[in-house]
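Colleague: Take a look at the following structure, please.
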Amino acid sequence: MTADLIAKIETLKATRPNNIAVQCFDPVYFGTLSNAHKSRLLKCLNSGIENPDSEMGCYACQPSDYDDFKPFFSKVLARYHKVPEGARHTNDWSLKGVDGLPEDGVLDFARLGLPALSMRVRTGRNLKDFPLPGSMTKDDRIRLEEKMTTAFKTLIAMPDYGGRYYSLTPGHPCFIDDATYQGLVDAHIMFKNMDSDRFLTAAGIAADWPYGRGCYVSADKGFIIWVGEEDHLRIMCMQHGTVLNDVFDRLKSALDVVENIEGLEFAYSADYGVVTSCPTNLGTGMRASVHIALPKLTADGTDTRAKAIAKPLGLSVRGVGGEHTPIGADGTVDISPAARFCITEAEIVTALYKGIALLNAKENQS
Ligand code: ADP
Ligand code: ARG
């Protein structure tokens, strides 16, 4: 079994130069591991082995994987995030002194001549006392949701939050029917059925769907916490407007509240910051995005040109339904800075503002 997988990795190494995990797999290092560690590391690579076209090709399955398998993950991180091997991450939400920040510290898209946009900032968090989603049992998923259902009672009781929890777990007191779930997905509040994601399926992250899955939504619908997606929690603020600071600042204060709820302890690595399932998200776990119409750059009905312009600006282009979805009929796309690791939270949100200024200028010149 192990020998078969190693042989597969070696074949992929020769044929898939863009699959980072297989490229960073070192058989000599692998040979030094105990049998238990060997199977743990191979589990991390399973998604990339089953999906040769993967770009990253691996997911951590335990909060300690990044540290336990540092010789592997430090290579993966260096290659994907274009940082030196052994680079250490620092978290910092303070906008003070961030390069490109307007003098008054306000990241207002109206200054760029833009109308109100849908703005969203999310970060991933995982509880340190559970395996990461790729290694969770059905029972783990249900227990984690129970723990969060209790934690959400604190938020629901607070005047600034309120709202309710929606569960997809059959028999859960907050269980919702398919139509309600679909309404939440269409409103960009709830995540899609994970079974349809071949990467998450091969990683074991989509297993036991829909058990242990759900989301908390504040009374004003602007603060949302996903439970049981790619990370235990995806915590986000979302709002229609022009001032990016509104969602960023709200997320920071809401995160502080959540982190202080009794019994919730998140996984952090001393060297790598916020621990996430996917190494693409490690460090900040943060993706800051806007939905913006770029009708000229998408005039051919695809995002090809927008992507070609966005990439050198450090921006990712996604569809209006999120990752792996098509662009909107009016040319609306989801733009976010690609960097998450060895960058601070404050730098990410400023990078979104600066990036949109540049991308919008390209759109207007087209
Ligand atoms: P993630 O951002 O957690 O990596 P996705 O890219 O799959 O995940 O997006 C999840 C959901 O969030 C999708 O419904 C997507 O349309 C929505 N979304 C992302 N950014 C925005 C935004 N700026 N405004 C509204 N919805 C957004
Ligand atoms: N596992 C996929 C790959 O390696 C997706 C990685 C990035 N996306 C994510 N949702 N983590 O290409």
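The values are calculated or read from the model by the stated rules, or taken from the named source; none is laboratory data. Treat the numbers as computed from the prediction; the structure is a model and nothing was measured. We place every Cβ from the backbone using ideal geometry, glycine too, and count neighbours over all the protein chains shown. Protein only, heavy atoms only, side chains kept; ligands, DNA and RNA dropped before computing areas. Shrake-Rupley method; radii C 1.70, N 1.55, O 1.52, S 1.80 Å.
Colleague: Put a dot 7 Å past each Cα toward the Cβ at ASP271 and SER34; how far apart are the dots in nm?
Modeller: Going by the 7 Å Cα→Cβ label model, 2.0 nm.
Colleague: For LYS128 and ALA308, calculate 0.36 nm times their separation in residues minus their Cα-Cα distance, and state this gained length in nm to one decimal.
Modeller: On the way: separation 180, 0.36 × 180 = 64.80 nm, distance 3.88 nm.
Full-extension gain reported as 60.9 nm.
Colleague: Then there is this: Once a ≥ b ≥ c are taken as the square roots of the eigenvalues of the Cα gyration tensor of the range 166-216, is the result rounded (a/c under 1.5), prolate (a/b larger than b/c) or oblate (a/b not larger than b/c)? Mind dumping the intermediate values first?
Modeller: Working: a/c = 2.48, a/b = 1.41, b/c = 1.76.
Cα axes put the range 166-216 in the oblate bin.
Colleague: Next question. Report, by chain and number, residues whose modeled amide H sits under 5 Å from the one on HIS89, excluding near sequence neighbours (fewer than 5 apart, same chain).
Modeller: TYR272, GLY273
Colleague: Ignoring any ligand, DNA or RNA, what whole percent of the accessible area of the chain comes from carbon and sulfur when the probe is 1.4 angstrom? Working shown, then result.
Modeller: Details: 8210 of 15500 Å².
After summing per-atom areas, the C and S share lands at 53 percent.
Colleague: Using a/c under 1.5 as the rounded threshold, could you call the range 245-299 rounded, prolate or oblate? The axes a ≥ b ≥ c are square roots of the C-alpha gyration tensor eigenvalues, and prolate needs a/b larger than b/c, oblate otherwise.
Modeller: Details: a/c = 3.73, a/b = 1.72, b/c = 2.16.
It is oblate, given that a/c is not under 1.5 and a/b is not larger than b/c.
Colleague: Still on this model: Could you pull out which residues in the range 178-206 have an amide N less than 13 Å from a spot 7 Å beyond the Cα of THR325, following the Cα-Cβ vector?
Modeller: 182-194
Colleague: Going by accessible area, probe 1.4 Å, with all protein chains left in place, what is the ranking of HIS81, HIS324, HIS37, largest first?
Modeller: Descending order: HIS324, HIS37, HIS81.
Colleague: Residues of the chain: accessible area per residue at 1.4 Å, in Å²?
Modeller: Details: 15500 Å² over 366 residues.
Per-residue accessible area for the chain comes out at 42 Å².
Colleague: In the range 243-276, what GluC sites (Glu not before Pro) fall in a loop by DSSP, with at most 13 other Cβ atoms inside 10 Å?
Modeller: Values: sites: GLU259, GLU262, GLU265; in loops: GLU262, GLU265.
Answer by residue number: GLU262, GLU265.
Colleague: Still on this structure, I have one more. Given the options CYS58, CYS174, CYS215, which has the most mean-square fluctuation in a GNM of the chain, springs set between C-alpha atoms less than 10 angstrom apart?
Modeller: Fluctuation is largest for CYS174.
Colleague: List the lysines whose alpha-carbon lies under 27 Å from that of LYS138, not counting same-chain residues fewer than 8 positions away?
Modeller: Here the lysines satisfying the reach criterion relative to LYS138 are LYS38, LYS43, LYS128, LYS147, LYS153, LYS192.
Colleague: Also, quick follow-up: Among the lysines, which fall within straight-line cross-link reach of LYS307, defined as a Cα-Cα distance under 21 Å, with same-chain neighbours fewer than 8 residues apart omitted?
Modeller: LYS82, LYS296, LYS354, LYS362
Colleague: Please work out whether the range 149-233 counts as rounded, prolate or oblate from its C-alpha gyration tensor, where a ≥ b ≥ c are the square roots of the eigenvalues and a/c under 1.5 means rounded, while otherwise a/b larger than b/c means prolate and anything else oblate? Can you show the working numbers first?
Modeller: Values: a/c = 1.87, a/b = 1.76, b/c = 1.06.
In terms of gyration-tensor shape, prolate.
Colleague: Using a 1.4 Å probe on the protein heavy atoms only, what accessible surface does ARG141 show? Give it in Å² to the nearest 10.
Modeller: For ARG141, solvent-accessible area is about 10 Å².
Colleague: Same structure again: Please list 3J(HN,Hα) in residue order for the range 260-270, calculated via the Karplus relation 6.51 cos²θ - 1.76 cosθ + 1.60 where θ = phi - 60°; whole Hz, with x for glycine and proline.
Modeller: In residue order, the calculated couplings are 8, 5, 4, x, 9, 10, 8, 7, 10, 10, 4 Hz.
Colleague: Take ASN18, project a point 7 Å from its Cα along the Cβ direction, then tell me which residues of the range 282-306 have their backbone nitrogen under 18 Å from it.
Modeller: 302-306
Colleague: Hey, rough spin-label estimate for ASP68 and ASN193, points 7 angstrom out along Cα→Cβ, what's it come to in nanometres?
Modeller: So the label points at ASP68 and ASN193 sit 3.3 nm apart.
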